[in-house]
Amino acid sequence: MPQVEQVEPPPWDGPPLIVVLWGGKGGIGKSTLAFLLAWSLGKVGRTLLLDADPEQKEGNAQELYDLLELPATFDFASEDDPAKLAGLRRARQYRFIVIDNAPHRDREILKTTCDGDLIVVPLPLDYLEARAIMSSIREIVIPTGHPYRVVMSKVDAARKAKAVRTLDTLDLAGIPVFRTHMRELVAHQDAGQMGIPITEGTSKTWHKPGKDALDLADEVLAALGLADRVPRPAWAVEKVPSPRKKTTARTRKAGS
Ligand SMILES: Nc1ncnc2c1ncn2[C@@H]1O[C@H](COP(=O)(O)OP(=O)(O)OP(=O)(O)O)[C@@H](O)[C@H]1O
Ligand SMILES: [Mg+2]
C-alpha cells in the first residue's frame, strides 16, 4: 500500500473557480466524483469540497480524516442555504470550490448553487437513466448558460467499448463530454462513501480510481481554461505489476 503524500498547495487570494456536480438522478456517482475531484484539484490549488446535499453530511469525512490522522488535500464544509451559497465567490482563499448537490434539486436551487464555472453531469451507461438525464440537461442545465460537461460514470470493464461509442455519439450531437470515464470499481466505495483517501484504500484496485480521477481533473482544468495539470503522485506513474498469468500448455506452445 502506498504512502499518503502530503500536499501543500500554494496560498491563493482571488475569486475561486466553482465546479458543480449535478444530476437529476440519485446514486449516479456525484458525491464520489465530487470527492475525487476535490482530492485531485487540491493538489493544484487550495480546494473546498462543499456538500450542498442536506441529506448527507460529507463534512463528516473531515472527522474521519482527523480520526485516522491523515492529511486531506482539501477542506470540507456543508451548506445548503442558497443565500449563503450565493456568496461563495467571496471565499478568495480557495482556488477551487467543488459543490456536491442533492439529487432532484429544483431549478431555483440549481440556479443558485450552480453559479459555477463548470457544471459536471455524471451519466450512467443505462439507456433509460441516461435519457432522463439528457432531458434534464436540455431543460435545466443548458438554460443556466453555464458551461457544462458530461462524464460517463460507473462504466463496467465489459462495457468500455459501449461507453466510448456513447461518448462519440454525444460528441457528434454537440453535447460536451469528458473523454475520461470513471470505471466501475469496488475501490470507489472506500473513497466515496467512507471518506478514506484512495491511497489508503484496502481494495486491490485502489490505484485505478485514483488514475481516473487525476485524468478527469486534468480535463476539468482544461475546461476551466487553465493550463495547469495535476501533479501525479509516484504511484500513479509507476507501473503497478499485474498478477502473473498462469502458463498453460497452449500458451507455452504459442510462445515457442
Ligand atoms: N465508479 C464507481 N464504481 C463503483 N461504485 C461507484 C462508483 N461511483 C459511485 N459508486 C458507488 O455508487 C453509490 C452511489 O454513489 P454516490 O453516492 O457517489 O452517488 P450520488 O449521485 O452522489 O448519490 P445521491 O444522488 O444519492 O447523493 C455509492 O455506493 C458509491 O460508492
Ligand atoms: Mg450524493
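The values are calculated or read from the model by the stated rules, or taken from the named source; none is laboratory data. Values in this document were obtained by computation on a predicted structure and should not be read as measured data. FYI the Cβ positions are ideal-geometry reconstructions off the backbone, even for glycines, and counts take in every protein chain you see. Quick note on the areas: whole protein, heavy atoms, side chains included, nothing else; ligands and nucleic acids left out. Shrake-Rupley method; radii C 1.70, N 1.55, O 1.52, S 1.80 Å.
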Residues of segment 147-179 satisfying the condition of being without any contact (Cβ under 8 Å) to a residue 40 or more places away in the chain, in contact with an Asp or Glu (Cβ under 8 Å, 6 or more places away or on another chain) and surrounded by 17 or more Cβ atoms within 10 Å (Cβ to Cβ): 155, 177
Residue list for segment 91-127, restricted to those being modelled with pLDDT of 85 or more and of a type in the set (S, T, N, Q): 93
Members of segment 147-191 that are assigned to a helix (DSSP H, G or I), of a type in the set (A, V, I, L, M, F, W, C) and within 16 Å of ligand 2 (Cβ to nearest atom): 191
Looking only at segment 9-28, and only at residues there that are closer than 21 Å to residue 129 by Cβ and crowded, with 24+ Cβ neighbours inside 10 Å, the one that is farthest from ligand 2 (Cβ to nearest atom): 20
Residue pairs meeting the criteria (Cβ under 7 Å; at least 6 apart or on separate chains; first within 22 Å of residue 120 (Cβ to Cβ), in segment 222-238; second open to solvent by less than 40 Å² (accessible area, probe 1.4 Å) and β-branched (Val, Ile, Thr)): 228/44; 230/44
For residue 232: the one exception among (1) under 21 Å from residue 38 (Cβ atoms); (2) open to solvent by 50 Å² or more (accessible area, probe 1.4 Å); (3) at pLDDT 90 or above: (3)
